[in-house]
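Novice: Following this message is one structure expressed as structure tokens.
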Amino acid sequence: MTATQQPVATPPAGSHPAGGSRPTPTQAVPLRHPGRWVAAIIVALFTTSLLVSIAQNPNLDWPTVGEYLFAPLTLSGLATTLYLTVAAMVIGLSGGIVVAVMRLSPNPVLQVVSGLFVWVFRGTPVLLQLIFWGFIGAFVPKLVIGIPFTSIEFWSVSTSDIIPATVAALLALGLNEMAYASEIVRAGIQSVDLGQTEAAHSLGMSPAKTLRRIVLPQAMRVIVPPMGNEVITMLKTTALVSVIAGHDLMSNLQAAYAQNYKIIPLLVVAAIWYLVLTSVLNVPQMWLERRYGRGVAGRRVGVAGWFLRLRKNGTK
């Protein structure tokens, strides 16, 4: 018995196999956004003309900018600025963790003392604190080690000798940052689910070990972004040290233009260095955010991806 192959009828073009007509494909027409391109061109022209007019301003005095950009006076102030930034952030972050733990402690004395510390140093301007520490010798003339409530002294030294301008600036910036950092750390610790702490305690971990091994690593995801902003803010806040002659970048350049009256070129030198430093500080901040945001952060889009997305949206 052999099977007989029957011829299959081919449906005509444009007809549906079920008998109906095949739908005509729709041609998608991308939505145009001419207003975006017009606005972008206007802003680009305005920005370019502004930058060109600034660059060609004769009062900018580019030769003077080049002369002071890498001058020993500038580099010395730059080193002091970096030292103040790093040291103040180390003091602020380490002390901020302690103050945050004190504020979260069930001990009422620790809560009150830490609350007063944050209230005082966060509630007064950092400029006021800088001036206070700069003139601490007028408040406490000398430091004495002796027997309290008697005139017996074993050792004494003038306060102005042991706290020069740079140390006063470091104390003011570090203590001020400690108050702000404590609130950031406290918010990060409170963002961790309480069940994590209870689970660690049920496994026999001590409170200190739970804080170090369980809570803080998870809290870093919340702490790192604002703390990175605090580092950049601290770098710029060091410019206030000039009011007590802290020999930072701004202080040295102020002393220079007080003699040669080339204010604008030297301010441009300071601006260039601050922009360079803040740009460099952005790199470790982005790395830390990516490091502690693994598993929870969304897909990151780089500069190339941003341009592709802009181009795609512009052609829609």
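The values are calculated or read from the model by the stated rules, or taken from the named source; none is laboratory data. Source: prediction; values computed, not measured. Backbone-built Cβ (ideal geometry, glycine too); neighbour counts: all protein chains shown. Protein only, heavy atoms only, side chains kept; ligands, DNA and RNA dropped before computing areas. Shrake-Rupley method; radii C 1.70, N 1.55, O 1.52, S 1.80 Å.
Novice: Exactly one of these conditions fails for residue 215: (1) under 30 Å from residue 76 (Cβ atoms); (2) touching a residue at least 24 places away in the same chain (Cβ under 8 Å). Give me its number.
Specialist: (1)
Novice: Can you say whether residue 228 is outside any helix (DSSP H, G or I) and either over 19 Å from residue 166 (Cα atoms) or open to solvent by less than 60 Å² (accessible area, probe 1.4 Å) (or both), as far as the supplied structure shows?
Specialist: No, not satisfied.
Novice: Would you check if residue 164 is free of Cβ contacts under 8 Å to residues at least 12 places away in the same chain and under 29 Å from the mean Cα position of the chain (by Cα)?
Specialist: The answer is yes for residue 164.
Novice: Among the candidates 46, 117, which residue alone is at pLDDT 85 or above, loosely packed, with under 12 Cβ neighbours inside 10 Å and within 31 Å of the chain's Cα centre (by Cα)?
Specialist: Criteria check complete, one pass: 46.
Novice: Moving on. Which condition number does residue 192 fail, the rest of (1) among the β-branched types (Val, Ile, Thr); (2) without any contact (Cβ under 8 Å) to a residue 12 or more places away in the chain; (3) buried (at least 17 other Cβ atoms within 10 Å of the Cβ) being met?
Specialist: The single condition residue 192 does not satisfy is (2).
Novice: Inspect all residues belonging to segment 67-75 and state whether any of them is at pLDDT 85 or above and in a loop (DSSP other than H, G, I, E, B).
Specialist: yes
Novice: Of everything in segment 17-43, what is part of a helix (DSSP H, G or I) and loosely packed, with under 10 Cβ neighbours inside 10 Å? Give them in sequence order.
Specialist: 34, 35
Novice: Is it true that residue 183 is in contact with a Lys or Arg (Cβ under 9 Å, 6 or more places away or on another chain) and open to solvent by less than 60 Å² (accessible area, probe 1.4 Å)?
Specialist: When the stated conditions are applied, residue 183 passes them.
Novice: Kindly check whether there is at least one residue in segment 48-59 that is over 19 Å from residue 175 (Cα atoms) and touching a residue at least 24 places away in the same chain (Cβ under 8 Å).
Specialist: Yes, segment 48-59 has at least one match.
Conditions (1) under 30 Å from residue 226 (Cβ atoms); (2) modelled with pLDDT under 75, marked per residue:
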position: 263; (1), (2): no, no
position: 272; (1), (2): yes, no
position: 279; (1), (2): yes, no
position: 284; (1), (2): yes, no
position: 288; (1), (2): yes, no
position: 296; (1), (2): yes, yes
position: 311; (1), (2): no, yes
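Novice: Looking at (1) in contact with an Asp or Glu (Cβ under 9 Å, 6 or more places away or on another chain); (2) of a type in the set (Val, Ile, Thr); (3) open to solvent by less than 20 Å² (accessible area, probe 1.4 Å), which is the one condition that is false for residue 210?
Specialist: (1)
Novice: Can you tell which of 109, 140, 157, 144 is at negative phi and modelled with pLDDT of 90 or more?
Specialist: Of 109, 140, 157, 144, the one residue that is at negative phi and modelled with pLDDT of 90 or more is 109.
Novice: Could you list, in sequence order, the residues of segment 254-280 that are under 25 Å from the mean Cα position of the chain (by Cα) and open to solvent by less than 50 Å² (accessible area, probe 1.4 Å)?
Specialist: Correct list: 268, 269, 270, 271, 273, 274, 277, 278.
Novice: Against the conditions (1) in a helix (DSSP H, G or I); (2) surrounded by 21 or more Cβ atoms within 10 Å (Cβ to Cβ), where does residue 246 fall short? Just the number, please.
Specialist: Unmet for residue 246, out of (1) in a helix (DSSP H, G or I); (2) surrounded by 21 or more Cβ atoms within 10 Å (Cβ to Cβ): (1).
Novice: Follow-up question, since we're still on this one. For segment 89-110, what are the residues that are assigned to a helix (DSSP H, G or I), over 30 Å from residue 238 (Cα atoms) and without any contact (Cβ under 8 Å) to a residue 60 or more places away in the chain?
Specialist: Those that are assigned to a helix (DSSP H, G or I), over 30 Å from residue 238 (Cα atoms) and without any contact (Cβ under 8 Å) to a residue 60 or more places away in the chain: 108, 109, 110.
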